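Since the structure comes first, as structure tokens, the remarks are kept for the end.
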Amino acid sequence: MKIAFITANKIKARRTLDLLEQRYTNYAPEDADFLAVLGGDGFMLKALRDYHYLCKPFYGMNLGNLGFLMNSIHEEGDEDIEALIHEAKPLHLYPLEMKTVDIWDVEKTIIAFNDVSVTRASPQAAKLKIFVNDIVRVPKLIADGILVSTPAGSTAYNSSAGGPILPVQANLLALTPISPFRPKNWKGALLKNSDNVVIETLESKKRPVNAVADMVEIKRVVKVSVHQKHSLSATVLFSPHSHLEERIIAEQF
């Protein structure tokens, strides 16, 4: 079993890597069978974005805080990593694809395995027009912003903003406003994972907004398109004793 250890630039992660490299060969990601990611959820999201194209399974080793996308380990590095990977259960994650146009007419495309958010970049609230499948659903949302979340990401920013937690295998996306002022009673929507969301900014010069795909930020956007990219996926391995599906269910109780 060839393992590549992808490590966050943190003291705990580096210390654990040093111990693991005394027992295992650390292969290059391109040559490995599995990618073991040492860090927290944020670093796992970065690893998924950077290496998903290799089409190799990811095994997260939690050296961060919550570690929803990770597996628990000892910092001493004394685990039998090969045995843990062998018994782990796979989960296929399909990312969102975010396409942006900014005030300078520059277009960018970025993927996100957790969520895409569009938020105000000034003291004034954002004014946004929301389309779903080319139909205007919210002509004018006045809020701090709005986000689109996958089931895997629904316990993160989406949950903090008051959005629903989605079962990890649900064919749904959560569309959740962030601190909405108008429409006062709109709480968001559940969408099919085949739906396309377009967010247009209103008064973009006076009320600038930024877009973030997981942790990658695009400034001063005027249009953001979001849909789930079903032709891309990443396989993440979880311990059968602490699978992401169970963690998401437990988060609701």
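Derivation of every value follows stated rules applied to the coordinates shown; laboratory data play no part. Predicted model, so just to flag it, every value in this text is computed and none were measured. When we count neighbours, we look across all protein chains shown, and the Cβ atoms used for this are built from the backbone with ideal geometry, even at glycine.
Numbers for the structure displayed
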{"read-out": "Most fluctuating residue given options Arg207, Arg49, Arg137, as computed from a GNM of the chain linking Cα atoms under 10 Å", "value": "Arg137"}
{"read-out": "Karplus-derived HN-Hα couplings along segment 20-34 (A = 6.51, B = -1.76, C = 1.60, θ = phi - 60°), whole Hz, x at Gly and Pro", "value": "5, 6, 6, 10, 10, 6, 9, 7, 5, x, 5, 9, 8, 8, 9"}
{"read-out": "Environment charge at Phe113 (Cβ cut-off 13 Å; Lys +1, Arg +1, Asp -1, Glu -1)", "value": "-2"}
{"read-out": "For Tyr27, Tyr94, order by how many other beta-carbon atoms lie within 10 Å, fewest first", "value": "Tyr27, Tyr94"}
{"read-out": "Extension gain from Trp186 to Gln252, taking 0.36 nm per residue of separation minus the Cα-Cα distance", "value": "21.6 nm"}
{"read-out": "Computed E for Asn26/Lys205 - FRET, C-beta separation, R0 41 angstrom, nearest 0.05", "value": "0.25"}
{"read-out": "Residue with peak Gaussian network fluctuation, the chain [Cα springs, cutoff 10 Å], from Ser233, Ser122, Ser204", "value": "Ser122"}
{"read-out": "Efficiency of FRET from Cβ geometry, Asn65 and Ser231, R₀ 30 Å, rounded to 0.05", "value": "0.40"}
{"read-out": "Calculated SAXS-style log₁₀ I(q)/I(0) at q = 0.09, 0.10, 0.18 Å⁻¹ - segment 96-228, Debye, Cα scatterers", "value": "-0.21, -0.26, -0.90"}
{"read-out": "Leading residue at positive end of dipole, the chain (Cβ point charges), from Val209, Leu54, Met98", "value": "Val209"}
{"read-out": "Between 0 and 90°, nearest 10: helix 41-51 axis offset from the chain longest Cα axis", "value": "90 degrees"}
{"read-out": "Candidate lysines - alpha carbon under 20 Å from Lys192, same-chain residues fewer than 8 apart omitted", "value": "Lys99, Lys129, Lys229"}
{"read-out": "Which of Val106, Val222, Val138 has the fewest Cβ neighbours within 10 Å, and the rest in rising order", "value": "Val106, Val222, Val138"}
{"read-out": "Qualifying GluC sites (Glu not before Pro) for segment 74-168 [loop in DSSP, other Cβ within 10 Å: at most 10]", "value": "Glu76"}
{"read-out": "Most fluctuating residue given options Met70, Met44, Met215, as computed from a GNM of the chain linking Cα atoms under 10 Å", "value": "Met215"}
{"read-out": "Pairwise FRET efficiency - Leu19 versus Trp104, Cβ, R0 = 51 Å, nearest 0.05", "value": "0.60"}
